[in-house]
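Just so it is clear, none of the values below were taken in a lab; they were calculated from the coordinates. Just so you know, these numbers come straight off a predicted model, no measurement behind them. Ideal geometry is used to build each Cβ from the backbone, glycine not excepted, and the neighbour counts take in all protein chains shown.
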Amino acid sequence: KKMKTIILSLTLVSILFAACNNNGSEKAVSDSTASVAVSGEATENKAPAREILAGYLKLKNALTNDNDKEAAAIATQLAKAFKAVDKTALNAEQSQVFTDVEADAIEHAEHIAANAGDLVHQREHFETLSVEVYELVKATDAGQKLYYTNCPMHNNNKGANWLSETKEIKNPYLGQAMLTCGLVKEELN
């Protein structure tokens, strides 16, 4: 498992390194993961938050399934994904947003990771983490359609939001107890 993480990290670093070293003079053809020049060289990472978003969505799904241990393991990987982002691949606006959310997001992911056995506490940190990831996704290209969804009952009816890859409501704050509680507030492309 550690080797898989190392290989994934090296692959991501290689892609980002290649993206940073191209002078941008070649016409690019876009796909969902990166722009690839006609000659085959990577030109620019079009979804710099993609690994973060993938980890976040796995974390959301673990909380939806009331799986505190899986949530803790995924949160550890999510914190590493934040730390691994090559900030030089971000434009000025993306870099500012990333800088604004990075430390808090890592802290919340680490708290989720450290609290296996305490879904309530994990969900408290997921609430703030969701705000951070939403801001990052808004500033960068997520590479997929997302739904910003609200649970009006979480936190003594104060409510909380989360990002989802599906329009179908699967509530990470109330889990299996009230799986379909919530409504889509915004669609992100």
Return the sequence-ordered ³J(HN,Hα) values of the stretch 103-108 in whole Hz as given by the Karplus equation 6.51 cos²θ - 1.76 cosθ + 1.60 applied to θ = phi - 60°, using x for Gly and Pro.
-> 4, 5, 4, 4, 4, 5
How high is the relative contact order of the stretch 107-189, in percent, with contacts defined as C-alpha pairs under 8 Å that are six or more residues apart?
-> 27
Residues of type aspartates and glutamates that LYS170 reaches as a straight line, Cα spacing below 14 Å, ignoring anything fewer than 8 places off in the same chain | ASP66
Options THR166, LEU183, LEU129, ranked by Cα towards positive dipole end of the stretch 121-189, top entry (Cβ charges) = LEU183
Mind giving me the nanometre distance, one decimal, between the label points for ASN65 and THR99, set 7 Å out from Cα along Cα→Cβ?
-> 3.9
Treat each spin label as a single point 7 Å out from the Cα along the C-beta direction, and report the LYS145 to ALA177 distance in nm.
-> 3.2
Find the Cα radius of gyration of the stretch 43-102, compare it with 2.2 N^0.38 Å by division, and give the number to two decimals.
-> 1.25
The size of the Cβ-based charge dipole (Lys, Arg +1; Asp, Glu -1) of the stretch 91-176 about the Cα centre, to the nearest 20 debye, is 500
Length gained if GLU187 through ASP118 is fully extended, taking 0.36 nm per residue and subtracting the Cα-Cα distance, is 21.8 nm
Return the sequence-ordered ³J(HN,Hα) values of the stretch 171-178 in whole Hz as given by the Karplus equation 6.51 cos²θ - 1.76 cosθ + 1.60 applied to θ = phi - 60°, using x for Gly and Pro.
-> 7, x, 7, 10, x, 5, 5, 8
